[in-house]
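Taking it in order: structure first as structure tokens, then the write-up.
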Amino acid sequence: VQLQASGGGLVQAGGSLRLSCAASGPFLVITGWYRQAPGRQREMVATFATSGNSYYADSVKGRFTISKDNARNTVYLQMSSLKPEDTAVYYCNARALLTSKEYWGQGTLVTVSS
């Protein structure tokens with residue numbers, strides 16, 4: 001089982017970035033993106049429900065969009081109008097369908113300068 005997150009970097013406020021998370025492993029489904037800023041707890045950013053709907057943290061609604069490519073088992077997070085408070089390490093989360101075990105990617109750092 002492997003989760004590979006990429007796409008982070010340094011961007012100025014108001015800029016955009018697209019994160020990618022590719023999953024490899026049997027019956028592994030990516031559930032969404034989370035982030036952890038220095039000194040803070042990990043929080044949900046955007047996730048998929050089993051119904052297929054997407055959910056977003058209030059702080060990113062209207063600015064971030066989560067999408068997926070089922071053929072590649074890859075999930076994306078398009079981030080626009082970035083703010084300094086979006087600075088964090090972003091993690092993707094996946095769940096194994098057969099065992100319900102959770103997996104986390106290694107994280108990708110997003111730094112937004114003012």
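The values are calculated or read from the model by the stated rules, or taken from the named source; none is laboratory data. Quantities reported herein were computed from a predicted structural model and do not represent experimental measurements. Because the Cβ atoms are built from the backbone with ideal geometry, glycine has one as well, and the counts that use them run over all protein chains shown. Remember, those area values only see protein heavy atoms, side chains included, never the ligands or the DNA or RNA. Shrake-Rupley method; radii C 1.70, N 1.55, O 1.52, S 1.80 Å.
May I ask you to give the percent of accessible area on the chain that is carbon plus sulfur, with a probe radius of 1.4 Å?
Its accessible area is 49 percent carbon and sulfur atoms.
Remind me, relative contact order of the chain in percent, using alpha carbon pairs under 8 angstrom and six or more residues apart?
For the chain, the relative contact order is 37 percent.
Summing Lys, Arg as +1 and Asp, Glu as -1, what charge do residues with Cβ under 13 Å from the Cβ of Ser80 carry, Ser80 excluded?
Every neighbour counted, the sum reads +3.
Over the chain, give the accessible area per residue in Å² for a 1.4 Å probe, as an integer.
Using a 1.4 Å probe on heavy atoms only, each residue of the chain averages 55 Å².
Over all pairs of distinct alpha carbons, what does the Kirkwood formula give as the hydrodynamic radius of the chain, in Å?
14.1 Å
For region 1-90, give the magnitude of the charge dipole about the Cα centre (Cβ charges: +1 Lys/Arg, -1 Asp/Glu; no others), in debye to the nearest 20.
Charge dipole of region 1-90: 40 debye, to the nearest 20.
Straight-line reach from Lys101: which aspartates and glutamates fall under 20 Å, measuring Cα to Cα and dropping same-chain residues less than 8 apart?
Counting by Cα, and skipping residues close in sequence, Lys101 has these aspartates and glutamates nearby: Glu43.
Name the trypsin sites (Lys or Arg not before Pro) in region 1-41 that are in a loop by DSSP and that have at most 15 other C-beta atoms within 10 Å, would you?
Passing sites in region 1-41 are Arg40.
Using a 7 Å offset from the Cα along the Cα-to-Cβ direction at both Ala13 and Ser80, what is the distance between the two label points in nm, to one decimal?
In this crude label model, Ala13 to Ser80 measures out at 2.0 nm.
Just tell me which lysines come within less than 23 Å, Cα to Cα, of Lys83; anything on the same chain fewer than 8 places away is out.
Lys61
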